[in-house]
Amino acid sequence: MVIGTRARGGGGKGSLMGVLGGALGLTHKMAVGYFEGPSPTLDSFESFLRDASRFYKDNSAGNEIESIIVLTREKLERRAFSTVLKEANKQVVDKLDFRILSVGKEAPSSASPKAAPAAPPPSEPSVTSAKLDYDAITKALPSPSLRERVLYAWEVLIEPSTVGGQSYLVVTQERGVLMRKIGSDFVYDLSFKWEQAGEPATEIDAGGPVLRLYDGSREHRLRNKDAQFIQVLIHHLKYAREGWISGHMKELGFDSELLNRCQPDFIAERYSLAVRNAFALLETRVRLESLAPRDKIGVDLATYAFHPVEGRIPVGLSAAEREGVYHLFRGAFLAFRDPAAHNDELTGIDRGTAFRQLALVDLLLSLARRGKEQFQRGTA
C-alpha cells in the first residue's frame, strides 16, 4: 500500500503516484491508497486510514484535499470494514473514493457516482528489476569496460515487437543495452552510449506508461510501469556521461571556438587530432590578434606577438610578467604545438594528457585576448 500526494498540475511523490494520477486522469490534490492484493486486510486498511488521517490533517488547510482514493484490484466490500470506518476520522471517511483498478478495461468507481472512470492501469512486468539475474546480464554485455557495471535492468515490452523472447533494458554508467532472454540465456541485441542517445521522454496511453528512447539512429518505444523513473535516471546518466566524456569543458567556460573545433574529436577519443586542432586554432588566433604576417609560425610567431620588449601584444603589467607569458607561449609551441603539427601519431597521448593540453590552449587563448585588449587600451 502506498500513500502520497499529487498537486494540481504537478507530479506525485515517486513514479507510482505520477503513474496512478495519470491513469486516473486526476489533476486535483489527493491521497491514494493502492492495495496490490485482491482485497486489503483489516489491519492494512486500518493502517491506511491512520496514514490518510495524518495526511488530511497536514494538508487540509484551505480545504486543499479533494479526494482520498482507495484503489483495489477487486470491488471492496465496505461492510467488512464497517467497524474501522465508524471509528475513523469522519472527515476522512467522507472524502474516501473507492475505485477498482482493473486490467485490460476501464473500471467505474464502486462508490462515487460523480467520479470519472479509471483508465487501464500501467503495464506491469512479470519480473522486477530486483529479481533479475544481474550476473548473467553482466556476462552478456558486449565488450564491457573495466569499470562498467550494470546499475539497473527492467523487463520491457518493445512496441512493435519484431523479435522473439522477453526483452530487457539494461542500464550501465556508460550505455543502454537492449537484450532478450531466450530460455535461460540473455542475448545481446544492441547498445548505445548515453552521449549518443537523445533526451528520453515518456507518455501514458491506454496501456500505461511508455518510455521513448532514441539511440542515435532510431527511436524505441519501451513499455514499463517504471517508465518515468527510467526517464529521470537516463537523463542524469546522460548528463554525467556527456560531462565526463567532454571533460566538462563547456561548464568550465572553455573558449567557444576551441570547443567547436576540438570537442567532437575529444569525445570520439581522437585525442591527437583534438590537440593538433587546438594548437592550430591558437596559432591562427595569435596571428589575428597581433596582426602577424602569414610566414610567422610556431616560436617565431610567439616572439613576434609576445616578446616582452619588441612584441606587438606583450601580456602583463610588469616586465617580469611579460617575460613569463612570453616564455609560456614559446614553451607551449616548442613542447606541444610542434609535435602535434609534425607527427602523424602522437605517442603516449591519452584522454587525461589531451585534456591538460586543451586546458593549456584555452589559457593561452585568453592570454592572447588579454594582450590585444592591453594593446588597444594603450593606443586609444
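Of note:
- Taking residues in the stretch 352-365 that are over 24 Å from ARG287 (Cβ atoms), and partners anywhere that are not in a helix (DSSP H, G or I), the pairs with Cβ atoms closer than 7 Å and at least 6 places apart or on different chains are PHE355/GLY247.
- Qualifying residue in the stretch 163-177 (condition: polar (S, T, N, Q), out of contact with any Ser or Thr (no Cβ under 8 Å at 6 or more places or on another chain) and in contact (Cβ under 8 Å) with a residue 40 or more places away in the chain): yes
- Matching residues in the stretch 216-250 - criterion: being closer than 22 Å to ARG270 by Cβ and among the acidic types (Asp, Glu): GLU242
- Within the stretch 185-208, tally of residues that are without any contact (Cβ under 8 Å) to a residue 60 or more places away in the chain, over 19 Å from ALA268 (Cβ atoms), in contact with a helix residue (DSSP H, G or I) (Cβ under 8 Å, 6 or more places away or on another chain) and surrounded by fewer than 19 Cβ atoms within 10 Å (Cβ to Cβ): 5
For (1) modelled with pLDDT of 95 or more; (2) closer than 18 Å to ASP255 by Cβ; (3) out of contact with any helix residue (DSSP H, G or I) (no Cβ under 9 Å at 6 or more places or on another chain), each residue gets a yes or a no:
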site: VAL275; (1), (2), (3): no, yes, no
site: LEU282; (1), (2), (3): yes, yes, no
site: SER290; (1), (2), (3): no, yes, no
site: PRO293; (1), (2), (3): no, no, no
site: GLY298; (1), (2), (3): no, no, no
site: GLY311; (1), (2), (3): no, no, no
site: GLY316; (1), (2), (3): no, no, no
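- Flag if GLU251 is within 20 Å of GLY352 (Cβ to Cβ), touching a residue at least 40 places away in the same chain (Cβ under 8 Å) and surrounded by fewer than 18 Cβ atoms within 10 Å (Cβ to Cβ): no
- Just so you know, in the stretch 209-243 the residues that are surrounded by fewer than 19 Cβ atoms within 10 Å (Cβ to Cβ) and among the acidic types (Asp, Glu) include one that is nearest to VAL177 (Cα to Cα), and it is ASP215.
- Residues (modelled with pLDDT under 90 and of a type in the set (A, V, I, L, M)) located in the stretch 329-380: ALA335, ALA340, ALA341, LEU346, ILE349, ALA380
The values are calculated or read from the model by the stated rules, or taken from the named source; none is laboratory data. Keep in mind it's a predicted model, so treat the numbers as computed, not measured. Every residue, glycine as well, gets a Cβ built from its backbone with ideal geometry; the counts of neighbours run over all protein chains shown.
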